[in-house]
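One structure is given here, and the rest of the page talks about it.
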Amino acid sequence: MTIACLQIPRFAVEAERLRRSDVSSRLILVGEATVLDCSLGADASGVRRGMRMSEAIGLCHRAVVLPPDTAYYERLFDDVLDARPGFFPVLERYLEAGAAC
């Protein structure tokens, strides 16, 4: 048996960019009290997942802060997995901004 893990970096950020054209080229922070996900530019400014949002905004004050929409991310991630029928005979889902093992 082969075991693989599929992880899509910055899944929440890219999901938000898909549905919101107004933030497509902006720095993005997704989260509420803490950062769930951040764009590459925000990462370059020192923002990290799990960081307090107030600290992240201090490091990256030009970023757009978006509340997480986990139901949307789950539906979109399911669409990604459904695009590969038969590729994943057994799948254990663990949604953490775009990961399945």
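The values are calculated or read from the model by the stated rules, or taken from the named source; none is laboratory data. This one's a predicted model, so the numbers in the text were calculated from it and none came from an experiment. Every residue, glycine among them, receives a Cβ derived from its backbone with ideal geometry; neighbour counts consider all protein chains shown.
Within region 4-27, restricting attention to residues that are part of a helix (DSSP H, G or I) and of a type in the set (D, E, K, R), the residue that is farthest from Arg62 (Cα to Cα) is Arg19. So which residues in region 70-101 are among the acidic types (Asp, Glu), at pLDDT below 85 and surrounded by fewer than 10 Cβ atoms within 10 Å (Cβ to Cβ)? Of everything in region 70-101, those that are among the acidic types (Asp, Glu), at pLDDT below 85 and surrounded by fewer than 10 Cβ atoms within 10 Å (Cβ to Cβ) turn out to be Asp82, Glu92. What pairs come up if the first residue lies in region 21-42 and is free of Cβ contacts under 8 Å to residues at least 40 places away in the same chain and over 21 Å from Thr70 (Cβ atoms), the second is outside any loop (DSSP other than H, G, I, E, B) and not aliphatic (A, V, I, L, M), and their beta carbons are under 6 Å apart, counting only those six or more places apart or on different chains? Between residues of region 21-42 that are free of Cβ contacts under 8 Å to residues at least 40 places away in the same chain and over 21 Å from Thr70 (Cβ atoms) and residues that are outside any loop (DSSP other than H, G, I, E, B) and not aliphatic (A, V, I, L, M), the close pairs are Ser24/Arg17; Leu27/Gly41.
Among residues of region 41-69 being surrounded by 12 or more Cβ atoms within 10 Å (Cβ to Cβ) and either closer than 23 Å to Cys5 by Cβ or among the basic types (Lys, Arg) (or both), the one that is farthest from the chain's Cα centre (by Cα) is Arg52.
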